[in-house]
Amino acid sequence: MPQLPGWIANWPAYRQLTGRDRLGRGEAVRSPHTEAAAPRTQAADRVVSSICPYCAVGCGQRVYVASAGGRDAVTQIEGDPDSPVSRGRLCPKGAASKQLVTQPGRLTKVAYRRPYGTAWEQLSLDQAMDMIADRVIATRRDTWQEHHGGQRVARTLGIASLGGATLDNEENYLIKKLWTALGAIQIENQARI
Amino acid sequence: MTSDSMPVADGARNSLYGPLADVAADAGYPGSHPERVGFFTDTSVCIGCKACEVACKEWNGLPDPEAGALALTGMSYDNTGALGSNSWRHVAFIEQTVPSRADPGEPELISAVADGGATRWLMASDVCKHCTHAACLDVCPTGALVRTEFGTVIVQPDVCNGCAYCVSACPFGVIDRRDDDGRAWKCTMCYDRLRGGLEPACAKACPTDSIQFGPLAELREIASVRLADVQASGHPEARLYGADPDDGIGGAGAFFLLLDAPEVYGLPPDPVVTTKDLPAMWRWAGTAAAVLAAGVAVAFAGRRR
Amino acid sequence: MAECHPVAFQWVVEAKARGATVIHVDPRFTRTSALADLHVPTRAGGDIVFLGALINHVLSGGHEFTEYVRAYTNAADILPAEFTDAEDGGGLFSGYDPDTRTYDNSSWQPTGERDETLQHPRCVFQVLKRHFSRYTPDLVEQVCGIGPAEFGRVADAVVAASGREKTTAWVYAVGWTQHSTGVQHIRTASILQMLLGNMGRPGGGILALRGHANIQGATDVPTLFHLLGGYLPMPGPGEDMATYLARIPDGGFWGNKRKYLVSMLKAWFGDAATADNDFCFGYLPRISGDHGTYRTTLDMIDGKVKGFFLLGENPAVGSAGGRLQRLALANLDWLVVKDLTMIESASFWQDSPEVAGGELVTERIGTEVFLLPAAAHVEKDGSFTNTQRLLQWHAKALDPPGDARSDLAFMYDLGNRIRARLAGSDDPADRPVLDLTWDYPEEPGGDPSAEAVLAELNGYAADGSPLASSAQLADDGSTRCGSWIHAGCFAGGVNQTARRTPWQEQDHVALEWGWAWPANRRILYNRASADPDGRPWSEAKAYVWWDEQAREWTGLDVPDFEKAKPPDYLPPPGATGPAALSGRDPFIMQADGKAAIFVARGLQDGPLPAHFEAAESPLRNRVYRQDASPVSIQYAGRRQTRDQVAGHDATYPFVVTTYRLTEHHTAGGMSRTLSRLAELQPELFCEVSPELAAERGLENGGWATIITARAAIEARVLVTRRLRPVRIPGEGVIHQVGLPYHFGSEGLVTGDSVNDLLPLVLDPNVFIQESKVATCDIRPGRRPTGAARMQLVNSYRHRAGLADEEPQPGS
């Protein structure tokens, strides 16, 4: 059989007339897009084991990351079929958790509102951290309570913290450890609510 | 010539209507093609969580609704409304008042309060049926709709020109054009995932296994056993929908166990492939169709460069 | 459960397919009800009557698991003659002081005698029987609106599925806890489960379904004011180590309390902690009463709190009394918010309802706000503890974007900056910070190693090797351990929480997936799965048992018992701690090793559960003269928060109850911002019955305004038979309005915040607010805007005899 030009051999009508798919509803009319179809997870540079960040069921997740031009991106998050908790399944929130990471609404810069200010301003992370450290020290000094009702309490009631139920154990541990050492006791999380 | 290469010679009946044992072979795939796969959506265990909707949109990268377009529909917990170009799974929520059961020993899926009947809340995740005889595919003049080696039906976005013949042909009202690009879109049963040996995103996510994916023949067996169980547990009106190869679409690749009549879920009670009588029409329109197909094929070849 | 924990619900669906009966008790017919065998609609707040009637059903019918009750509970304990039950005190137990609204529990203490026949009139079993004798099916109908036939079906099902061969599990979430009597709801279920022998056994128990990925871990580690790690209490004013330790009950494994405390102090203060200085016990700040988040909110309004950190938390939407929450934020000197997206607790100074209404003026709000971007779960290493105490590691997959970083990195960096500033200080108050062990190995990029922090929680033996178990802990300062219940999570220097042996490759207990505290044990008190002689109660329910040949406890799980202590072990006279527990005492954290049907210590509102109406309720108490909880917390302050509460006033004729939807997450910061979730539930709605809709002229899809004594909000209307009017004999009909609480002013979809409607009325044991029952009015149409909104609220308050809400500082 003489060699046909590629575009003719791939021409759907030619394939339809010469192949098994005489009605042109299948093999004969497959497009390049269709021929190239493959799950994008196959192109991931790494697959990382994770846990869903929403409720406390603790469904297993697999996180697919692809690198392009030196930038990493999450390309898919889906259930980990090995998990005895979830067997690979996810609820709508878990199924949306890639978007939790990649959403356009993610904060990426520090925003600062000065006292009595009417708008957000930008601040470098380093400057913000310095300012926060200064305020913690000053407030702690100003509100230090060595005694209460005649008994030693060694604390400040001037600084409080709320949050932890969405954070890791290790993060909660450092929160409790640092604040306790600083004498702040109003350290709470959603478990109270 | 073998009958394999002459699908129309035996009369178009089995290619366009009636039972068809091997849809992929009918579409020209060699004997080594994969088994036909499908969805069995068992609505008796659907909890209406919509994980299928989200997993589908996330995997397939479906566009978001326009900003400001989000509003409560007031239709129970359904704010998706219908299957469409950007929603390839749709969970229907049907609130019913049904008679309270007289026999207190009988299991029931309902609230036991007696006055004025009991409450029943049906949920069902709808999807493209991937018909054995898919009218969308049969009417598509460009070859954009295609039967895959898995027996499923997909739209090829690099071919579709937005003519929308398929939209009016679908007996279920599934396939839909996108407002922005004008092309037709619908469930692909995650064709890309199937090619990689993965199950479709919706079935993988489904928390209660209401959506099951697998070889269609196996799913039909599972479904008949399940139906008997459900019927015996106080749901005599439960039925399979789309599982019968003798139905008007030759059986669906995505079929359902329903607890009530199809109309209750917004499904046509007796769908018939709209191209059932196509051979007769071809006698009148064959020439015109061939010219049109050739013209589009040239356009297709041109775009390849 | 199907609504808020859909993936866990797969196990209920599977159990049902295998023959389990699923019963759902809830004011609303939900997605859970849709798949239950039986949905029992009830009036919000009647749970103690419902569960108490089940207890009465069990006791009056002789359905209790007698051998279990006798051997494993304190049913045989004899109470002192001075004890007066609520039955005789009009709802009050002995020891109540109406001036302080507190109990003195001295008359509740058992005599130390036991009657193993359970016949003594003052034994716990007989007291319990009498206590619940009026909790009948008729009372259930009068309080909950549940008919006797429905109640009977539940009672029969529970009894039929309990005993040697079967177990019943109770599953709850905040529908039980967010009440002024929340702890007693759980207690009532516990008593029922003890009587039926359903504790410590597979398929039994009382299972809390918690709503945040690490809310269990945040309780264990903990970020709670009253606790140190592993449920050690915080010290009180003036306490030295000896008085502190003496205060902690020392029965059972709490006999090791000094080991736990000293090892924690060594983990925190390192070489500075020595026997001579009581291991720096004096470095710990002291609590004096309630420093819970709601008390702190009021202290902010009163100007006592100057600086506030919010780490992944959004109280402006998520906490009760939203107006007070925002007024509190507006009266701070400075506020640090760390989150993934803009949340209402950061933007309150721009767009809160109080700004819209003129109560707050942006230019007069002095709060300095730092909003820092946070890392998502895939952008950091760490462990979450799920609702079954299972620690599971999530590994970092990529770097967070821009300035976003983990809270671990944030706290570490903040600690470093503070320590650098204080270096060289000779102020004794700075010593704890400077002596703090704060030298974690750093990952590339400078973040501290999360595994190193987990290893510190796990602890180290005297030779520096990671602990394999808390049994290795010493009280001489030779061991270090951040949290004794976590000892073993890094055994062998291996991160046990990162284990991921597929479930298909192990049995159903799956001990090789993650790590559960304590000691990787999956069911607590599982020695109770065997009979007193150590044999499984039945083959079907075999779980942990005594192996006579090997002379040890064995089974499918890690036995929750000293491995080599035989069932016939009897403690020698004078034994203390674990050694004082016999071989037949499964409840090893209790001093007597017995499950506590009667709780003599530790509860503020009574040793047995008693029904009280919610602080706001359309009904008066049908059970006792005492109407609402006599000890609920309703803060005094600049203004009593009690003044927010409308009681039974008919100005607010309907019940309002709040909940969550599958499609959203708590205060919405992780769901309203995502298009995939926002579109699924795009607007706040209220659910009302067709009867209430007809009575108030509400239309499906239209708008309604819901008014309580605190706030007015608007919502779209869903008219549904899934909400049924509750019929109370002699009272007629009580309507309940259902409201999901996910909405606020930020995100892709917005709406009024439902928590604005709620008062600050708290359970006295745990300071959790009553979110599940309040009273409201509802009327068609949208709410007024601006100042007119609060005027509407005040017009209702006037009618109810309540004064106007006071203007607050900062306005």
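A few comments on the model shown:
- Listed by position, the strands (runs of 3 or more DSSP E) contained in segment C:367-454 that have at least 2 residues being within 28 Å of the chain's Cα centre (by Cα) and in contact (Cβ under 8 Å) with a residue 60 or more places away in the chain are C:382-385, C:390-394.
- Taken across segment C:328-339, residues that are over 33 Å from the mean Cα position of the chain (by Cα) and under 16 Å from A:P115 (Cα atoms) do not occur at all.
- Some residue of segment A:59-74 being at the interface with another protein chain (Cβ under 7 Å from one of its Cβ atoms), modelled with pLDDT of 95 or more, out of contact with any Cys (no Cβ under 8 Å at 6 or more places or on another chain) and surrounded by 24 or more Cβ atoms within 10 Å (Cβ to Cβ): yes
- Some residue of segment C:798-806 being surrounded by fewer than 21 Cβ atoms within 10 Å (Cβ to Cβ), of a type outside the set (V, I, T) and under 23 Å from C:W349 (Cβ atoms): yes
- Residue-level analysis places C:P249 among those that are over 30 Å from C:V656 (Cβ atoms) and either in a helix (DSSP H, G or I) or at pLDDT below 95 (or both).
- Selection of segment B:200-217 for residues being surrounded by fewer than 21 Cβ atoms within 10 Å (Cβ to Cβ) and in contact with a Phe, Trp or Tyr (Cβ under 6 Å, 6 or more places away or on another chain) yields only B:Q212.
- For C:F279, the conditions (1) buried (at least 24 other Cβ atoms within 10 Å of the Cβ); (2) within 11 Å of another protein chain (Cβ to nearest Cβ) all hold with the exception of (2).
- Residue in segment C:259-266 that is in a loop (DSSP other than H, G, I, E, B) and either touching a strand residue (DSSP E or B) at 6+ places or on another chain (Cβ under 9 Å) or at pLDDT 95 or above (or both) present: no
- Segment B:35-60, subset within 11 Å of chain C (Cβ to nearest Cβ) and part of a loop (DSSP other than H, G, I, E, B), residue farthest from C:L748 (Cα to Cα): B:C46
Yes/no matrix, rows are residues, columns are (1) free of Cβ contacts under 8 Å to residues at least 60 places away in the same chain; (2) part of a strand (DSSP E or B); (3) crowded, with 20+ Cβ neighbours inside 10 Å; (4) touching a strand residue (DSSP E or B) at 6+ places or on another chain (Cβ under 6 Å):
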{"site": "C:L680", "(1), (2), (3), (4)": "yes, no, yes, no"}
{"site": "C:E683", "(1), (2), (3), (4)": "no, no, no, yes"}
{"site": "C:E687", "(1), (2), (3), (4)": "no, yes, yes, yes"}
{"site": "C:E695", "(1), (2), (3), (4)": "yes, no, no, no"}
{"site": "C:L698", "(1), (2), (3), (4)": "no, no, yes, yes"}
{"site": "C:I706", "(1), (2), (3), (4)": "no, yes, yes, yes"}
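- Test: residue in segment C:66-85 that is of a type in the set (S, T, Y) and within 14 Å of another protein chain (Cβ to nearest Cβ): no
- Matching residues in segment C:644-667 - criterion: being touching a helix residue (DSSP H, G or I) at 6+ places or on another chain (Cβ under 8 Å) and within 14 Å of chain B (Cβ to nearest Cβ): C:Y659, C:T662, C:E663, C:H664, C:H665
- Some residue of segment C:63-72 being assigned to a loop (DSSP other than H, G, I, E, B) and out of contact with any helix residue (DSSP H, G or I) (no Cβ under 6 Å at 6 or more places or on another chain): yes
- Filter result for C:A36 (of a type in the set (A, V, I, L, M), touching a His at 6+ places or on another chain (Cβ under 6 Å) and not assigned by TED's automatic domain parsing to the domain that holds C:L192): yes
- Pick from segment A:110-144, criterion more than 7 Å from chain C (Cβ to nearest Cβ) and of a type in the set (D, E, K, R), ranking: nearest to A:T156 (Cα to Cα): A:R140
- The helices (runs of 4 or more DSSP H) falling completely within segment A:96-193 that include 3 or more residues that are of a type in the set (A, V, I, L, M) and either within 30 Å of B:K57 (Cβ to Cβ) or not assigned by TED's automatic domain parsing to the domain that holds A:P53 (or both) map to A:125-143, A:169-182.
- Test: C:A429 is surrounded by fewer than 17 Cβ atoms within 10 Å (Cβ to Cβ) and either touching a strand residue (DSSP E or B) at 6+ places or on another chain (Cβ under 9 Å) or among the hydrophobic types (A, V, I, L, M, F, W, C) (or both): no
- Among the residues of segment A:148-165, those that are free of Cβ contacts under 8 Å to residues at least 12 places away in the same chain and either under 20 Å from C:R431 (Cβ atoms) or at the interface with chain C (Cβ under 7 Å from one of its Cβ atoms) (or both) comprise A:H148, A:G149, A:Q151, A:R152, A:V153.
- Here A:L182 meets each of (1) closer than 20 Å to C:R417 by Cβ; (2) in contact with a Leu (Cβ under 7 Å, 6 or more places away or on another chain) with one exception, condition (2).
- In a residue-by-residue description of segment B:202-210, the property of being farther than 19 Å from B:V146 by Cβ, assigned to a helix (DSSP H, G or I) and touching a helix residue (DSSP H, G or I) at 6+ places or on another chain (Cβ under 6 Å) applies to at least one position.
- Residue check for C:D381: acidic (D, E), at the interface with another protein chain (Cβ under 7 Å from one of its Cβ atoms) and touching a helix residue (DSSP H, G or I) at 6+ places or on another chain (Cβ under 7 Å): no
The values are calculated or read from the model by the stated rules, or taken from the named source; none is laboratory data. These numbers were taken from a predicted model, which means no experiment stands behind them. Here the Cβ is made from the backbone with ideal geometry for all residues, glycine too, and neighbour counts use every protein chain on show.
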